[in-house]
Structures are given as structure tokens and as C-alpha cells.
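S.K.: First, the structure itself, so that you have it in front of you.
No value in this document is a laboratory result; all are computed from the given coordinates. Just so we're clear, the structure is a prediction, and the values are computed from it rather than from any experiment. Cβ: placed from backbone, ideal geometry, glycine included. Neighbour counts: every protein chain shown.
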Amino acid sequence: MKYYELTCLISPDFSEEKLIAYLPTKPIKKQLISEEGLISLEFFAEPDKIKALEKKLKDEASIQRYLILKKKPGKPLETKKPSFTKVSESKPKVELKEIEKKLDEILNE
């Protein structure tokens, strides 16, 4: 058996339980990363079962995107919430006239 991570972007009408039912084994770890339906699951499975899983995922219209990765066991998922900074319009810190004046002072010395 190998260790895998499945990450899916699912429609709101598709349930997490239905996705788990597709897995060949029970998930070791699961995380709902965002409210929009990005789910990440870690599980053990035989490599030949992964092709059947991919077929089910492709046939399901409610799964918009998916990614299956092989992982090393023992390294849990690290989910970081995105941080957003508010961009605001600000005045320039130094006026162009002040810069020109300072340059003239330096060059005239």
C-alpha cells in the first residue's frame, strides 16, 4: 500500500461523505480547506485502485478539479489560511520637487 493525498474542488451540491465513499480505504486525515468546497484527504491504497478512483472522479460532474499525489507517511498536511492585505491608495512619501532640490544641492557642492 502507498500513501496518497487527494485534493478536490467540488460543487456545493456534492457532499464530503460522497467523496469519501469513492476512496478505496477510509481517509487517515481530512480537511475542508475553504467554504467553497476545496477538500483534501490523505489515505492508504493499492496503486491499482488509484486508476479506478480517477475514473470515478472524472465521471462525477460535481467534481470540478482534482489532484492525486503520492506522499510519504508521517508528514501531515499543513493548511495555512491565506492572508490578504488591503491595498490602499497613498500619497508618495517624498515630493518630486523635494528630490530635485536635494539633487541640486548635492551636485552643486
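S.K.: Which of the aspartates and glutamates could a cross-linker bridge to Lys72, judged by Cα under 15 Å and excluding same-chain residues fewer than eight apart?
M.R.: Straight-line reach from Lys72, under 15 Å: Glu5, Glu42, Glu46.
S.K.: Work through the residues other than Leu53 whose Cβ is under 14 Å from its Cβ and net out their charges, Lys, Arg +1 and Asp, Glu -1. Walk me through the intermediate numbers first.
M.R.: Numbers: positive: Lys2, Lys18, Lys26, Lys49, Lys51, Lys55, Lys56, Lys58, Lys70; negative: Glu5, Glu42, Glu46, Asp48, Glu54, Asp59, Glu60.
Once all neighbours under 14 Å are counted, the net charge is +2.
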